[in-house]
Structure formats: C-alpha cells, structure tokens
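Engineer: Below you will find the structure I want to go over with you.
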Amino acid sequence: MRVVNGPTGESRRRFPDRSSGAAPSRLRWLVRAFFQRVLFWLACAVSAGLLALVAFAPLLASPTRLAPRWLDLFAHDAAVRRTAVASALGLVVTASIFFRTPPRPPAKRKRDRPDTVGA
C-alpha cells in the first residue's frame, strides 16, 4: 500500500521497515513457531481431557458415590457423550488447521564466486 506524499504524486511505502523484502528474522520465526506449537498441543490436551472425561465418567460417577451433577450427566446421557466426542475430534482438526507451524524462512544461499564457470 502506498501513501501519496505531496501534490507532485511521489509516493512512499507505508511500512518502510518491510520495504527491503528481507525475510523475517530467525528469532521472530522461532517465537511464532513456538507459540503455534504450544497452542496446538494445548488444544490437543483439552481434546484428550474431554475424551478421558467421556471414558471415565461412568467409573467416577458410581451409584455409591456422591458425584457432581455435571459428572453424572457425562456418565449417563448418551447425547452429551456423543457431542463431547464430536467436539473433541473437531477441536483436534481445528488445531491442526489453524496452528500449523509456519514455513521456515529461506536459508541464505552462498553466492557463486564470479570467477567460476558453470551452468
């Protein structure tokens, strides 16, 4: 995007630090990749917790124990259990789409010496 400077129509870039076309620094890439991986694994952990809740709720909410109502609901309501399993799977799919690791910045190629010959 360009911004007009004056009446003569000369233009300048809006973001001058990005005008050189240089790849982002390695540190910025590492931070971005780290946070995306953390968010991905956090979403996977929440999904695994939801699946574990569905799997172990009948054992935790036995008739001899006093269990919270939400645990009793997870233990005995089939619609809630199906919805929880579908939500857990959807969460993993969403995490794998949105929290992909960004592509690595291109490595700097060594320039050939000017006195070499080749194709």
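Engineer: For Ala88, are the conditions met, namely being at pLDDT 95 or above and either in contact with a His (Cβ under 6 Å, 6 or more places away or on another chain) or in a helix (DSSP H, G or I) (or both)?
Structural biologist: Answer is yes for this residue.
Engineer: Quick check: anything in the stretch 68-82 within 30 Å of Arg28 (Cα to Cα) and at pLDDT 90 or above?
Structural biologist: The answer is no, given that none of the residues of the stretch 68-82 is within 30 Å of Arg28 (Cα to Cα) and at pLDDT 90 or above.
Engineer: Please verify whether Val80 is assigned to a helix (DSSP H, G or I), touching a Phe, Trp or Tyr at 6+ places or on another chain (Cβ under 9 Å), without any contact (Cβ under 8 Å) to a residue 24 or more places away in the chain and among the aliphatic types (A, V, I, L, M), treating the condition exactly as stated. Even if it seems obvious, please write down each step before you answer.
Structural biologist: Values: assigned to a helix (DSSP H, G or I): yes; touching a Phe, Trp or Tyr at 6+ places or on another chain (Cβ under 9 Å): yes; without any contact (Cβ under 8 Å) to a residue 24 or more places away in the chain: yes; among the aliphatic types (A, V, I, L, M): yes.
So Val80 fits the description; yes.
Engineer: Go through the stretch 49-72 and give me each residue that's exposed (fewer than 15 other Cβ atoms within 10 Å of the Cβ) and within 20 Å of Leu91 (Cβ to Cβ).
Structural biologist: So the first thing to find is which residues in the stretch 49-72 are exposed (fewer than 15 other Cβ atoms within 10 Å of the Cβ), and the list is 49, 52, 55-56, 58-60, 62-66, 68-70.
Hits for the stretch 49-72 are Gly49, Ala52, Ala55, Phe56, Trp70.
The values are calculated or read from the model by the stated rules, or taken from the named source; none is laboratory data. Please read these numbers as outputs of a predicted model, since none were measured by experiment. We place every Cβ from the backbone using ideal geometry, glycine too, and count neighbours over all the protein chains shown.
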